[in-house]
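The values are calculated or read from the model by the stated rules, or taken from the named source; none is laboratory data. A quick note: this is a predicted structure, and the numbers were derived from the prediction, not measured. Neighbour counts run over all protein chains shown; Cβ positions are idealised from the backbone, glycine included.
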Ligand SMILES: Cc1cc2nc3c(=O)[nH]c(=O)nc-3n(C[C@H](O)[C@H](O)[C@H](O)COP(=O)(O)OP(=O)(O)OC[C@H]3O[C@@H](n4cnc5c(N)ncnc54)[C@H](O)[C@@H]3O)c2cc1C
Ligand code: FES
């Protein structure tokens, strides 16, 4: 009787199978596919963890899942009709067979929590603060891949994600570029109050926006505002590798002053023969002689056929959304579009989405 009950209970734990690698992992009650994969050491792509950016999209080949947390906002009706699912929100109600991209390079970097001290704080732009953080005495340095992000852990248990603007360093320094969001609790504190010597608790590394080295294709990078932070880390990584692949780096912002590390990017273009840099400003009155327009339109003006490229993009959700649609229309295969969308933190998005609609949804 007892063994029959145990067998029945065990059968209730759904198993996820990834079609391409054949890897399998169990999903505990209430867990999302992404959480279960991370617990099992399987690296699946993600960015916002709130169901709005689409970077964790996969295809459900067999089985059923539900969305008891946030609705799958990033899925269009046609994507859902083609059995697309969002792994950061999907909770299995049966065994699943999935077609999902694994990002094996990040699997070696276990995430952990650590305390850091602010060693440097400077103004990069009118609303952007640069921070340098160092693990406090007794903490070992963090390891990460260029382009990954970390969560700042707040005292009330909430988290705020920020991209790491440098690659891992021997001295352990972590650089962040923090844009002040109107009405934002943490970024207002960074802007108004945080001082050198203050301590923060962080968790990292997180995310799958990392260099893909298994390609010989030309690379396009598109950053919006502080989206330059992870792009900087990835470009510096490829420069350090001495890559011969052509690199076009586009950085868009509202005003010239928001292209806050233009001398650095112009320096890359001077010193690296296969790299070109394009600054693009959307407000003609604040362009300061730079190219005017929207940055994704500038990319498409210069490169109307993207079928032969790898494209990395990072920045505000509206820019990522536009890129997601228009770059695929220009021939870029979805599997070669890598991005981090700078959404608000998952708890804020959950509140906003929860107040908009009922969040129960079944596939
Ligand atoms: C993967 C990733 C990487 C990122 N990297 C960077 C980076 O490198 N640099 C950077 O500058 N930013 C980055 N961001 C964005 C950054 O995380 C947010 O700007 C930050 O979390 C804002 O924190 P906050 O506490 O200041 O604002 P919050 O207090 O979270 O508020 C954000 C906004 O939401 C509004 N809001 C809050 N609660 C509600 C509610 N219940 N209903 C309606 N509105 C509400 C606030 O008024 C405010 O306008 C990244 C985001 C992601 C997902
Ligand atoms: S939609 Fe899942 S990570 Fe953004």
Which count do you get for residues in segment 147-166 that are surrounded by fewer than 23 Cβ atoms within 10 Å (Cβ to Cβ) and not in a strand (DSSP E or B)?
6
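Restricting to segment 78-98, give me the number of residues that are within 22 Å of residue 42 (Cβ to Cβ) and more than 15 Å from ligand 2 (Cβ to nearest atom).
First, the residues of segment 78-98 that are within 22 Å of residue 42 (Cβ to Cβ): 83-98.
Okay, now just the ones that are also more than 15 Å from ligand 2 (Cβ to nearest atom), so 83, 92-97.
The qualifying residues number 7.
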Residue check for residue 126: in contact with a helix residue (DSSP H, G or I) (Cβ under 9 Å, 6 or more places away or on another chain) and within 21 Å of residue 175 (Cβ to Cβ):
yes
I'd like to verify a number: residues in segment 68-119 that are assigned to a strand (DSSP E or B) and within 16 Å of ligand 1 (Cβ to nearest atom), how many?
3
Of (1) part of a strand (DSSP E or B); (2) under 18 Å from the mean Cα position of the chain (by Cα); (3) closer than 17 Å to residue 233 by Cβ, residue 131 fails just (2)
Would it be correct to say that residue 52 is crowded, with 23+ Cβ neighbours inside 10 Å, within 16 Å of ligand 1 (Cβ to nearest atom) and part of a strand (DSSP E or B)?
no
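Taking residue 112, is it away from ligand 2 (no atom under 13 Å from the Cβ) and out of contact with any strand residue (DSSP E or B) (no Cβ under 6 Å at 6 or more places or on another chain)? Break it down stepwise before answering.
Working: away from ligand 2 (no atom under 13 Å from the Cβ): yes; out of contact with any strand residue (DSSP E or B) (no Cβ under 6 Å at 6 or more places or on another chain): yes.
The answer is yes for residue 112.
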Among (1) within 21 Å of residue 48 (Cα to Cα); (2) free of Cβ contacts under 8 Å to residues at least 60 places away in the same chain, residue 165 falls short only on (2)
In this structure, is residue 101 at pLDDT below 95, in contact with a helix residue (DSSP H, G or I) (Cβ under 8 Å, 6 or more places away or on another chain) and more than 12 Å from ligand 2 (Cβ to nearest atom)?
yes
Filter segment 326-349 down to residues that are surrounded by fewer than 19 Cβ atoms within 10 Å (Cβ to Cβ), modelled with pLDDT under 95 and assigned to a helix (DSSP H, G or I) and give me whichever is nearest to ligand 1 (Cβ to nearest atom).
348
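Do the conditions hold for residue 57, that is, is it surrounded by fewer than 15 Cβ atoms within 10 Å (Cβ to Cβ) and at pLDDT 95 or above?
Details: surrounded by fewer than 15 Cβ atoms within 10 Å (Cβ to Cβ): no; at pLDDT 95 or above: yes.
In short, no.
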Scan of segment 1-39 for residues that are under 14 Å from residue 107 (Cβ atoms) and either touching a helix residue (DSSP H, G or I) at 6+ places or on another chain (Cβ under 9 Å) or modelled with pLDDT of 95 or more (or both), ordered by number
18, 21, 23, 25, 34, 37
If you scan segment 197-244, which residues turn out to be over 17 Å from residue 165 (Cβ atoms), free of Cβ contacts under 8 Å to residues at least 60 places away in the same chain and buried (at least 16 other Cβ atoms within 10 Å of the Cβ)?
243
Could you go through segment 60-77 and let me know if any residue there is within 13 Å of ligand 2 (Cβ to nearest atom), modelled with pLDDT under 95 and within 15 Å of the chain's Cα centre (by Cα).
yes
For residues that are near ligand 1 (Cβ under 10 Å from one of its atoms), without any contact (Cβ under 8 Å) to a residue 40 or more places away in the chain and within 20 Å of residue 132 (Cβ to Cβ), tally how many sit in segment 168-187.
2
